[in-house]
1. Pick from region 43-56 the residues that are touching a strand residue (DSSP E or B) at 6+ places or on another chain (Cβ under 6 Å) and not basic (Lys, Arg): which of them is surrounded by the most Cβ atoms within 10 Å (Cβ to Cβ)?
2. Go through the residues of region 57-75 one by one and say whether even a single one is at pLDDT below 85 and under 9 Å from the mean Cα position of the chain (by Cα).
3. Within region 200-209, is there a residue that is assigned to a helix (DSSP H, G or I) and small (Gly, Ala, Ser)?
4. For the structure I just gave you, tell me whether VAL40 is over 24 Å from SER184 (Cα atoms), surrounded by 14 or more Cβ atoms within 10 Å (Cβ to Cβ), among the β-branched types (Val, Ile, Thr) and touching a helix residue (DSSP H, G or I) at 6+ places or on another chain (Cβ under 9 Å).
5. Inside region 94-120, can you point out the residues that are at pLDDT below 85, assigned to a helix (DSSP H, G or I) and open to solvent by less than 10 Å² (accessible area, probe 1.4 Å)?
6. Would you tally the residues in region 12-23 being open to solvent by less than 40 Å² (accessible area, probe 1.4 Å) and either at pLDDT below 95 or among the β-branched types (Val, Ile, Thr) (or both)?
7. Looking at region 92-110, I want the residues that are on the phi < 0 side of the Ramachandran plot and have a partner that is assigned to a loop (DSSP other than H, G, I, E, B) and surrounded by 19 or more Cβ atoms within 10 Å (Cβ to Cβ) with Cβ atoms under 6 Å, at least 6 apart or on another chain. Which pairs are those?
8. Restricting attention to region 158-179, and to residues there that are surrounded by fewer than 16 Cβ atoms within 10 Å (Cβ to Cβ) and assigned to a helix (DSSP H, G or I), which single residue is modelled with the highest pLDDT?
Amino acid sequence: MIPMPNSGKTKATRILLVDDHPVVRDGFAELINREPDLTVCAAADDRAGALQAVETFQPHLVVIDLTLKNSSGMELIKDMQARWPDVLILVVSMHNENLYAERVLRAGARGYITKQQATRDILQAIRRVLGGGIYLNEATGAAVLARLASRPQAKDDAVLDLLTDRELQVFELTGQGFNTREISGQLRIDMKTVETYRLRIREKLNLESSSELLKLAIRWKQDRL
């Protein structure tokens, strides 16, 4: 848990930032604290710190990245929903919006915005969620609605529903061409764990080799560009 300087705005809406990059946290905090009715009450870089900060500061809104130090943002969302269902959650992440938006909404978040968009639109996203709405950009919102309305699912999408959130992250990064060492660095897990996830993915998707996994991941990724 990382306490933030007291803004003196005692009646402002309290926001907790959960991201393991100090530069990102500080940038978001600067943008948010410029608003007269918003204040960043604390920050955290992992699941344990975030849960402690929610308990201590009782924020109205938590802004969460999906990739955290030694933990998963998706699991943190589920934990928070179980313990504090009234706390609002907005996901701000580097991961592909079309891939993760529907999953974070199902987990309990009220919006998803990429870090590239966030420098411009994070205040709009925050206010939409605080106002009781759902925040997705227009293209992603339309894609999510189309998937929910269409029956049956596309074959690849239906198969990928078998994967856990972490396995899906490994699958996505594989499709982007990252090797085991690079995925390990991106997700902050050791290389042996990455290989374990890849083996589980192959078993669930009935793939006989790593090359088959790579081909499927690349094809799936290209279909969404």
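1. ALA50
2. Taking every residue of region 57-75 in turn, at least one turns out to be at pLDDT below 85 and under 9 Å from the mean Cα position of the chain (by Cα).
3. Among the residues of region 200-209, not one is assigned to a helix (DSSP H, G or I) and small (Gly, Ala, Ser), which makes the answer no.
4. Working: over 24 Å from SER184 (Cα atoms): yes; surrounded by 14 or more Cβ atoms within 10 Å (Cβ to Cβ): yes; among the β-branched types (Val, Ile, Thr): yes; touching a helix residue (DSSP H, G or I) at 6+ places or on another chain (Cβ under 9 Å): yes.
Judged against the criteria, VAL40 is a match.
5. TYR100, ALA101, ALA118
6. Quick first cut of region 12-23, residues open to solvent by less than 40 Å² (accessible area, probe 1.4 Å) only: 12-13, 15-20.
From what's left, either at pLDDT below 95 or among the β-branched types (Val, Ile, Thr) (or both): 12-13, 15, 18-20.
Number of matching residues: 6.
7. Cβ pairs passing all conditions: SER93/ASP65; SER93/LEU66; HIS95/LEU66; ALA101/LEU136.
8. Here is the first cut: in region 158-179, the residues surrounded by fewer than 16 Cβ atoms within 10 Å (Cβ to Cβ) are 158-159, 161-162, 164, 176-177, 179.
Narrowing the set further to residues that are assigned to a helix (DSSP H, G or I) leaves 158-159.
Details: ALA158: 59, VAL159: 65.
Going through the qualifying residues, I end up with VAL159.
The values are calculated or read from the model by the stated rules, or taken from the named source; none is laboratory data. Treat the numbers as computed from the prediction; the structure is a model and nothing was measured. Ideal geometry is used to build each Cβ from the backbone, glycine not excepted, and the neighbour counts take in all protein chains shown. These accessible areas exclude ligands, DNA and RNA; they are computed on the full protein's heavy atoms, side chains included. Shrake-Rupley method; radii C 1.70, N 1.55, O 1.52, S 1.80 Å.
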